[in-house]
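The numbers here are math on the coordinates, done by the rules we state, and not lab data. Just so it is clear, the model here is predicted, and its values are computed rather than measured.
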């Protein structure tokens, strides 16, 4: 009887999985098909012609359309921005969770309020400031922007995790002569590894998939354009080259997917820890 009651749930889960998987499958299949095949038949028809595949699309994207440089630019943007967000967010969250000082609650409340501020309303003032400081069109500028947008959520998430760590651990370490820095690096960070991994995935994927901030603060210049900007330019210049667009899209998906697969175990543990400790 219990199994019969779960049938509707299983049907819904399978339906959602199919809805999400079919477009992705079509994207991947189209990326390996030549131009004439993409224009003349649907991607599902290619399974009847197993020899109807090619790697020329990827070679063309990487060699002629400069996607290799855009891939490097994306990594140059995402990796430092994620590392900075994790490092500063962890230090700030530890200070708010493990130290007692005046206005601590007010600072935390302000950080929580910043999470709900729409990014769009801050772009024009920030752009004016960055133009004055000559930071637009540079990696340093985009690092600072992503750091500012990602830090409130990072501090809030890690603060909740750090606050759930038993105070006895800190007190025992202090009795052994450990300072704040030693406690942070020797106790807090190792215990919070799952939460840090979950935050790293969130921040990495969000920064990698960003288009609006990259267009505004990098200006769309090819020498600093990340993958999202490069793919959007392909859409504008090659509205009919679907095999090129799909190949570029697949390349842009591979890196965040690899990061998620590599950190999946820690990601799940971090989410479960957040639920159990929340």
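Taking every C-alpha pair closer than 8 Å and separated by at least 6 residues, the mean separation divided by the residue count of segment 64-276 gives a relative contact order of 34 percent.
Inter-part distance, segment 7-58 to segment 161-211, computed on C-alpha centroids, equals 42 Å. Using C-alpha pairs under 8 Å with a sequence gap of at least 6, the mean separation divided by the residue count of segment 100-194 gives a relative contact order of 30 percent.
Rounded to the nearest 10 degrees, the inclination of helix 7-31 to the longest alpha-carbon principal axis of the chain is 60 degrees. Label the chain by shape, choosing from rounded, prolate and oblate, from the square roots a ≥ b ≥ c of the eigenvalues of the Cα gyration tensor; if a/c is under 1.5 it is rounded, and otherwise prolate applies when a/b is larger than b/c, oblate when it is not. It is oblate, given that a/c is not under 1.5 and a/b is not larger than b/c. Helical content alone sets the calculated 222 nm signal of the chain at -24500 deg cm²/dmol, taking -39,500 (n - 2.57) per DSSP H segment of four or more residues and averaging over every residue.
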